[in-house]
Amino acid sequence: MADTSLYGLMAEFTSTDALVSAAERVHQEGYTRIDALTPMPVHGLAEAMGYDDRRIQKMILAGGIFGCLAGLGLQLHVNLIGFNINIGGVYLSGYPLNIGGRPLVSLPAFIIPTFELTILFAALTAVIGTLALCGFPQPYHPVFNVKRFRERGSTDGLFLCVEADDPKFDPARTRDLLQGLGARGVYDVDS
């Protein structure tokens, strides 16, 4: 039975290449509950850890398509059908407008609002989807219990954390693995 107060082990590396190599090796050893913490994006790091989650791209595409259809549909509805609304006894009515003799369906005039709604819905989906998938807001995380991470995590620190709830986690063997990968230091992460 693992120590319940231990969140995991965190290793610090001196270069991005060493971090990517270590993450790939830890993943190859069969660890699945790992996380890399860096102050900047590191190309290839997610793939080295075995992350191939593409849900956010699909969500953004769906949001963009929905925005495009909503923008085009709204303009077509207003220009072709009009509207009849009864709100609390107040009857609002509208009808198709033919202004200046233009056609009711004028696709060149519809391009800009449709494009803007496509971008708006895709951007909102990106923000909300990212927050939802990442589990934010998360005002506390156990890695902040490591003094070295608090000192270097947002400037130039490159850290790899193996969580204790990983099925393959063993404190002694995991520590030996991380130290054998050239880590500058290996630290206990308390819950």
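Since every read-out is calculated from the coordinates, none of them should be taken as a lab result. None of these values were measured; they are calculated from a predicted model. Glycine gets a Cβ as well: all are built from the backbone with ideal geometry, and neighbour counts include every protein chain shown.
For the chain, the longest principal axis of the Cα atoms and the long axis of helix 171-180 meet at an angle of about 90 degrees.
Please determine, in degrees from 0 to 90 and to the nearest 10, the orientation of helix 16-28 with respect to the longest principal axis defined by the Cα atoms of the chain, where the helix direction is its Cα long axis. For helix 16-28, the angle is close to 80 degrees.
What percent does the relative contact order of region 1-142 come to when contacts are Cα pairs within less than 8 Å and at least six residues apart?
RCO, region 1-142: 24 percent.
Quick check on region 55-134: take the gyration tensor over C-alpha atoms, sort the square-rooted eigenvalues as a ≥ b ≥ c, and tell me if it's rounded (a/c under 1.5), prolate or oblate. Oblate, since a/c reaches 1.5 and b/c is not below a/b. Cα centroids of region 72-104 and region 117-191: 52 Å apart. For region 55-134, the relative contact order comes to 47 percent (Cα pairs under 8 Å, sequence separation of at least 6).
So if a site counts as exposed when it's one of the chymotrypsin sites (Phe, Trp or Tyr not before Pro), its DSSP state isn't H, G, I, E or B, and it has at most 14 other Cβ atoms within 10 Å, what's the longest stretch of the chain without one?
My reading of the result: 52-139 is the longest stretch.
Give, as a single signed number, the net charge of other residues whose beta carbon lies under 14 Å from the beta carbon of Pro39, with Lys and Arg counted +1 and Asp and Glu -1. Residues close to Pro39 contribute a combined charge of 0.
For the chain, the longest principal axis of the C-alpha atoms and the axis of helix 107-134 are separated by about 30°.
Here Cys134, Cys68, Cys161 are placed in order of increasing Cβ neighbour count within 10 Å, fewest first, which gives Cys134, Cys68, Cys161.
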